[in-house]
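The values are calculated or read from the model by the stated rules, or taken from the named source; none is laboratory data. Please read these numbers as outputs of a predicted model, since none were measured by experiment. In this analysis, Cβ positions are derived from the backbone assuming ideal geometry, glycine residues included, and neighbour counts consider all displayed protein chains.
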């Protein structure tokens, strides 16, 4: 059986579409926000899908004040924050409607709360995302790598449902819903790499070289000590023109982001000089991608590594690459 064909070469009249799948409100602003703002400004339709309401999130901004008294009140507040962040980035946003699992702490770890997102069976959790993919028809999806980026149970679950939706949304025999949208197979799936060690070390050394205190000192040491393996970075998106929008989206999440804290510790001029990119790993592709041959790849002067510079490489109308057929 053959899956539905991915949109490998949209017509010139059809806009490109990008779907970013995240666990909680605020994740979209700390992982790939400037990329989304850039593509939205270029006319790409961008949709953020947020899996949970962030009900169990802590107040991480010491300036915020008292926390809402109930999970429902927290969820309502975080919906307001999410709307403001989406407006700052110029993107659309939808909720999948699952309940935040919280971040378990202790040794041994406590059980996850009943009914939370991380405990929902995979096909049940993936079903609304599959339908969202079929309705929105993204050419590219982004999400987290298998570790979740860090081991929050909702981030790991978000990875799982995103991979499932990418694989299944184009299959007319899976997730069949009366009156549902037609099958759609996105062309490419990327994992966010917001805090690669290359970025952390580069910014850390630049901060020290400028006589400034680095926000990454303990991070560099702890990650190196644990010998955490690095995942491959395949793609760098130049976002220097959209960092203001990223910062505005971060500040919109006032329960989570301290405006004088970690995310704003690196001076803008230093960031622009040292690391004006957001990074991704191409996890799955249904189109042939040969970036250097089309002039949409850059080579890092220090490492010699070659990177894609466009999430839509192989998918733009003028390229017209033939899709790779996916057999069940």
**OP:** Spot the failing condition for residue 266; the list is (1) at pLDDT 95 or above; (2) part of a helix (DSSP H, G or I); (3) in contact with a helix residue (DSSP H, G or I) (Cβ under 9 Å, 6 or more places away or on another chain), and only one is missed.
**Re:** (2)
Original post:
Given the structure, is residue 83 within 13 Å of residue 254 (Cα to Cα), surrounded by fewer than 14 Cβ atoms within 10 Å (Cβ to Cβ) and modelled with pLDDT of 95 or more?
Top reply: yes
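Considering only region 150-165, state which residues are crowded, with 23+ Cβ neighbours inside 10 Å and farther than 14 Å from residue 18 by Cα.
Listed by number, the residues that qualify are 154, 155, 157, 158, 161, 165.
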Original post:
For region 149-163, what are the residues that are outside any helix (DSSP H, G or I) and in contact (Cβ under 8 Å) with a residue 60 or more places away in the chain?
Top reply: 149, 152
Original post:
Do we have residue 230 as surrounded by fewer than 18 Cβ atoms within 10 Å (Cβ to Cβ), touching a helix residue (DSSP H, G or I) at 6+ places or on another chain (Cβ under 9 Å) and not in a loop (DSSP other than H, G, I, E, B) here?
Top reply: no
**OP:** Can you confirm whether region 124-140 contains a residue that is surrounded by fewer than 16 Cβ atoms within 10 Å (Cβ to Cβ) and either closer than 22 Å to residue 195 by Cα or free of Cβ contacts under 8 Å to residues at least 24 places away in the same chain (or both)?
**Re:** yes
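Could you check, for region 167-179, whether at least one of its residues is within 21 Å of residue 16 (Cα to Cα), in contact with a strand residue (DSSP E or B) (Cβ under 6 Å, 6 or more places away or on another chain) and crowded, with 21+ Cβ neighbours inside 10 Å?
yes
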**OP:** Tell me which of these residue 204 doesn't satisfy, since it passes every other one: (1) outside any helix (DSSP H, G or I); (2) crowded, with 16+ Cβ neighbours inside 10 Å; (3) in contact with a helix residue (DSSP H, G or I) (Cβ under 8 Å, 6 or more places away or on another chain).
**Re:** (1)
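Being over 12 Å from residue 134 (Cα atoms) and in contact with a strand residue (DSSP E or B) (Cβ under 8 Å, 6 or more places away or on another chain) is the filter here; which residues of region 180-197 pass it?
187, 188, 189, 190, 191, 192, 193, 194, 196 - these are the residues of region 180-197 that are over 12 Å from residue 134 (Cα atoms) and in contact with a strand residue (DSSP E or B) (Cβ under 8 Å, 6 or more places away or on another chain).
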Original post:
Which one is modelled with the highest pLDDT, of the residues in region 213-227 that are in a loop (DSSP other than H, G, I, E, B) and farther than 14 Å from residue 202 by Cβ?
Top reply: 213
**OP:** Return a yes/no flag: does region 31-45 have any residue that is within 21 Å of the chain's Cα centre (by Cα), over 22 Å from residue 194 (Cβ atoms) and crowded, with 16+ Cβ neighbours inside 10 Å.
**Re:** yes
